[in-house]
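Q: What follows is a structure written as structure tokens; I'll ask about it next.
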Amino acid sequence: MSHDHHHHSLNAAFWLTAAFAVVELVGGWMAHSLALLADAGHMVSDVAALGLAMFAGRIAMRPAHTQMTYGYGRAKVLAAQLNGLMLWFLSGWIVWEAAGRLANPPACQGKMVLWIAAIGLMINLIIMRWLHGSHDINSRAAYWHVLGDALGSVAAMIAGGVILLTGWMPIDPLLSFLVAGILAWGGWRLVRETTLELMMAVPQELDLHAIKQAMQAVDGVSSVHHIHLWRLPAGTLALSAHIRVADMHDWSALLPALLATLKQQDIKHATLQPEVECHDFASIEPGV
């Protein structure tokens, strides 16, 4: 997904979500439906999440300089983490309201709930289609908000249908608990992923031990140590390592071979230090 297309998708999703959030808030209030109000509240959080994603995306495009040599790409990670925390806050609010309404469920207008939730689901599916396929953590955070909102719309539709057919009002707050649980889980995933990236952890999709073994399999390499692997703010993978070689004269041939091996793992930024003599360095990569 190009930067321009990604920006336009976030912009369109922002305004469409904002418009329907107002409709759903009014409809939920008129229908006395917590499931619909919870879904509307989540759409309001979607507006904030999408706006934050757009703002962080603009900051991340600022060029690097002598004080910020990596640039501002981490702004997207920080925005994604904040969006994860917002999901937790929203989940807590829904649980609080649902617990109160479960003791004394108000009468809901099932037909209105059903129709508004159905329209909300269609809008969420459109926005999810726009955001789908992005590898950017900031966009995936916004996607999680919209996915949770789509599930909230499904819950509201089920609640509206049950109330319309049976008149059983507790279904509304009960389904709200389910929506809250899904949001809390999505928030946990975002907070965990962003925290690991900010701490420069090895990306989960990569096996550092296997990468080390592949580097040591290059003919002429005696061993690899002090190896570190992390994701740069721009999203690319970076690796640094000390390479012990039998003969320093072979390094000009070994370096291209090692870089080619790393490129097969999608690691395009590497800093490799050759060594000939055995040095008593303490390895700082546990388990590697």
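The values are calculated or read from the model by the stated rules, or taken from the named source; none is laboratory data. In this text the structure is predicted, and so the values were computed from the model without any measurement. Here Cβ is always computed from backbone atoms with ideal geometry, including for glycine, and neighbour counts include all displayed protein chains. Just so you know, the surface numbers come from the protein's heavy atoms only, side chains and all, with ligands and any DNA or RNA stripped out. Shrake-Rupley method; radii C 1.70, N 1.55, O 1.52, S 1.80 Å.
Q: Determine which single condition residue 125 fails, assuming it passes every other condition in (1) out of contact with any Ser or Thr (no Cβ under 7 Å at 6 or more places or on another chain); (2) open to solvent by less than 30 Å² (accessible area, probe 1.4 Å); (3) in a helix (DSSP H, G or I); (4) of a type outside the set (Lys, Arg).
A: (2)
Q: If I filter segment 193-215 down to residues being without any contact (Cβ under 8 Å) to a residue 24 or more places away in the chain and part of a helix (DSSP H, G or I), which single residue comes out as farthest from the chain's Cα centre (by Cα)?
A: Initial filter on segment 193-215 (without any contact (Cβ under 8 Å) to a residue 24 or more places away in the chain): 196, 199, 204-205, 207, 210, 213.
Going one step further and asking which of them are part of a helix (DSSP H, G or I), we end up with 196, 210, 213.
Working: 196: 12, 210: 26, 213: 30 Å.
Here the residue is 213.
Q: Exactly one of (1) farther than 29 Å from residue 81 by Cα; (2) open to solvent by less than 60 Å² (accessible area, probe 1.4 Å); (3) assigned to a strand (DSSP E or B) is unmet by residue 222. Its number?
A: Only one criterion in (1) farther than 29 Å from residue 81 by Cα; (2) open to solvent by less than 60 Å² (accessible area, probe 1.4 Å); (3) assigned to a strand (DSSP E or B) is unmet by residue 222, namely (2).
Q: Sticking with this one: Run down 234, 241 and say which single residue is open to solvent by less than 60 Å² (accessible area, probe 1.4 Å) and under 28 Å from residue 72 (Cα atoms). Reasoning before the result, please.
A: Details: 234 fails: open to solvent by less than 60 Å² (accessible area, probe 1.4 Å).
Going through 234, 241 in turn, the sole match is 241.
Q: When you look at residue 218, is it of a type in the set (A, V, I, L, M), in contact (Cβ under 8 Å) with a residue 40 or more places away in the chain and more than 30 Å from residue 143 (Cβ to Cβ), yes or no?
A: On the way: of a type in the set (A, V, I, L, M): yes; in contact (Cβ under 8 Å) with a residue 40 or more places away in the chain: yes; more than 30 Å from residue 143 (Cβ to Cβ): yes.
It is true that residue 218 is of a type in the set (A, V, I, L, M), in contact (Cβ under 8 Å) with a residue 40 or more places away in the chain and more than 30 Å from residue 143 (Cβ to Cβ).
Q: Just one of 67, 81 is polar (S, T, N, Q) and buried (at least 18 other Cβ atoms within 10 Å of the Cβ); which is it? Reasoning before the result, please.
A: Values: 67 fails: buried (at least 18 other Cβ atoms within 10 Å of the Cβ).
The unique qualifying residue is 81.
Every residue, every condition in (1) out of contact with any Pro (no Cβ under 8 Å at 6 or more places or on another chain); (2) at pLDDT 85 or above; (3) closer than 30 Å to residue 234 by Cβ, yes or no:
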residue	(1), (2), (3)
74	no, yes, yes
78	yes, yes, yes
82	yes, yes, yes
85	yes, yes, yes
94	yes, no, no
105	no, no, no
120	yes, no, no
